[in-house]
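Following: one structure in structure tokens, then a few remarks.
The values are calculated or read from the model by the stated rules, or taken from the named source; none is laboratory data. Everything numeric here is computed off the predicted structure, so don't read it as measured data. Because the Cβ atoms are built from the backbone with ideal geometry, glycine has one as well, and the counts that use them run over all protein chains shown.
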């Protein structure tokens, strides 16, 4: 019974619950940012660059040129999907910037409270 009691005390600590809430909110925030990048930001950038769909940018190692990443993968070709990688990097940059802005705002509020 001692271990169950210890686990219950551990699980009910504020830090553990705060961490769980943070993870859930962070996952949902990631979905929002992914949609922002994939559905709002990247299409105009692709249009400006001549109608490029970044997720389809790929380099096939078998020497055949495939129009889409899906086409290359369906054919079973060894392929480097660098467009998907670029999109993931862009997602990370947007998420990191948003978190930076949120932390900056929280720090500013804390500084006002300290005065």
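Looking only at residues in region 51-66 that are at pLDDT below 85 and part of a loop (DSSP other than H, G, I, E, B), the one that is surrounded by the fewest Cβ atoms within 10 Å (Cβ to Cβ) is 51.
The condition (being modelled with pLDDT of 85 or more, out of contact with any strand residue (DSSP E or B) (no Cβ under 6 Å at 6 or more places or on another chain), exposed (fewer than 11 other Cβ atoms within 10 Å of the Cβ) and assigned to a helix (DSSP H, G or I)) is satisfied by just one residue among 32, 4: 4.
For region 76-112, which residues satisfy the criterion of being touching a strand residue (DSSP E or B) at 6+ places or on another chain (Cβ under 9 Å) and exposed (fewer than 13 other Cβ atoms within 10 Å of the Cβ)? Selection gives 78 alone.
If you check 19, 69, 36, 57 for being within 23 Å of the chain's Cα centre (by Cα), closer than 30 Å to residue 103 by Cα and without any contact (Cβ under 8 Å) to a residue 40 or more places away in the chain, only one passes: 19.
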